[in-house]
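Shown next, in structure tokens, is the structure this report addresses.
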Amino acid sequence: MSDSPFGRSSAGLLHRLRPVPVDPDDLRDVAAEVLPEFATARLRLVLTDDRVDGPVLVLREDERTLRTPLRDLAEDMTAAGVVAAPEALAAALASWVAHRPVPDAAAAATGTAVLDWTDRGRTAVGWRVVVRRDAVALPWMPSPSAGAEDVARIRARAVERSAAVETELRVQGPVALWSHPVVPLLASAPFTAPERVLERVAAAGPAMPDMHVVVTPGRPVAGAGAGVAARLAESTGEPCVRLPWRDLATLPWL
């Protein structure tokens with residue numbers, strides 16, 4: 001999952017080539033103004049001073065803690081092309097907070113199972129629990145305090161929710177294409193129940209009892225017969241995985 005933690009506040013190519021550095025003092029002023037808006041009963045955000053690191057932003061939510069020196073955050077924003085203006089810094093901070101680590105309780109309450117890459121080389125996919133926050137889906141990694149039974153229960157609930165995720169289905173000739181209108185990674189969620197996927201395809205167009213899926217996490221998922229799916233995978237121009245629908249149930253958890 002490679003979604004930028006600073007969202008759409010990042011500027012274009014020219015700004016990234018000639019960036020105006022984000023000043024940590026300016027970032028602190030903006031953070032002091034906007035961070036209280038993000039706090040909840042479970043989420044706390046504190047600006048503090050460290051003798052070594054200087055101003056530090058500390059985020060705490062349940063068992064998760066994120067501690068980031070503002071100078072490091074300012075450097076990351078500069079590298080990402082965030083415009084050094086109050087409005088852009090506020091938007092970048094909001095996106096950064098939205099990309100915070102997912103607590104176990106949040107995964108248990110709203111987690112959804114999707115297909116994601118299992119390796120940096122993007123050669124294989126597996127199931128991952130994600131939590132949606134507005135237009136992004138964040139990965140959940142079990143905390144050290146989560147036992148095996150807790151993890152199994154959270155994954156099972158995520159699978160149940162995934163089958164109900166509403167996706168857009170388009171059938172064009174021998175190809176079916178699933179997409180999500182807001183969060184692209186959720187396009188694969190319905191495939192936790194592949195039999196229902198086959199039924200939906202049959203209702204919208206030709207039956208595909210031998211359907212193979214072509215998966216590129218974060219992109220629409222394609223389904224077709226074995227031969228057509230092979231040609232799709234060869235022509236996509238992006239890393240992808242092609243596999244029979246029956247193999248979906250055997251994929252590992254991340």
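The values are calculated or read from the model by the stated rules, or taken from the named source; none is laboratory data. Quantities reported herein were computed from a predicted structural model and do not represent experimental measurements. Positions of Cβ are backbone-derived with ideal geometry, glycine not excepted, and every protein chain shown enters the neighbour counts.
A Cβ distance below 7 Å, combined with a sequence gap of six or more or placement on separate chains, defines the contacts here; from the stretch 213-225, residues that are under 10 Å from residue 177 (Cα atoms) reach residues that are charged (D, E, K, R) and not in a loop (DSSP other than H, G, I, E, B) in the pairs 214/242.
You will find that of 159, 201, the residue that is surrounded by fewer than 18 Cβ atoms within 10 Å (Cβ to Cβ) and β-branched (Val, Ile, Thr) is 159 and no other.
Within the stretch 20-39, the residues that satisfy the criterion of being outside any helix (DSSP H, G or I) and over 14 Å from residue 94 (Cβ atoms) are 20, 21, 22, 23. When 136, 159, 165 are screened for being under 17 Å from the mean Cα position of the chain (by Cα) and under 30 Å from residue 36 (Cα atoms), only 136 passes. For residue 48, the test of being part of a strand (DSSP E or B) and of a type in the set (Val, Ile, Thr) is passed. Annotation note: Cβ proximity below 7 Å between a residue of the stretch 56-85 that is assigned by TED's automatic domain parsing to the domain that holds residue 24 and among the small types (Gly, Ala, Ser) and a residue that is assigned to a loop (DSSP other than H, G, I, E, B) and buried (at least 19 other Cβ atoms within 10 Å of the Cβ) (sequence gap 6+ or interchain) occurs for 74/22; 80/6; 84/22. Only residues that are within 30 Å of residue 24 (Cβ to Cβ) and either in the same structural domain as residue 45 (by TED's automatic domain parsing) or over 16 Å from the mean Cα position of the chain (by Cα) (or both): list them for the stretch 107-133, please. Within the stretch 107-133, none qualify. Within the stretch 118-137, the set of residues being more than 15 Å from residue 162 (Cα to Cα) and in contact with a strand residue (DSSP E or B) (Cβ under 6 Å, 6 or more places away or on another chain) comprises 118, 125. Scanning the stretch 106-125 for residues that are under 25 Å from residue 244 (Cβ atoms) and crowded, with 16+ Cβ neighbours inside 10 Å yields 112, 113, 114, 115, 116, 117, 118, 125.
Touching a His at 6+ places or on another chain (Cβ under 8 Å) and either crowded, with 21+ Cβ neighbours inside 10 Å or not charged (D, E, K, R) (or both): is that true of residue 136 in this structure? Talk me through it step by step, then tell me what you get.
Numbers: touching a His at 6+ places or on another chain (Cβ under 8 Å): yes; either crowded, with 21+ Cβ neighbours inside 10 Å or not charged (D, E, K, R) (or both): yes.
Taking the combined requirement at face value, the residue satisfies it.
Quick test of your reading of the structure: residue 53 fulfils all but one of (1) without any contact (Cβ under 8 Å) to a residue 24 or more places away in the chain; (2) out of contact with any Asp or Glu (no Cβ under 9 Å at 6 or more places or on another chain); (3) among the acidic types (Asp, Glu). Name the failing condition by number. That leaves (2) as the condition not met.
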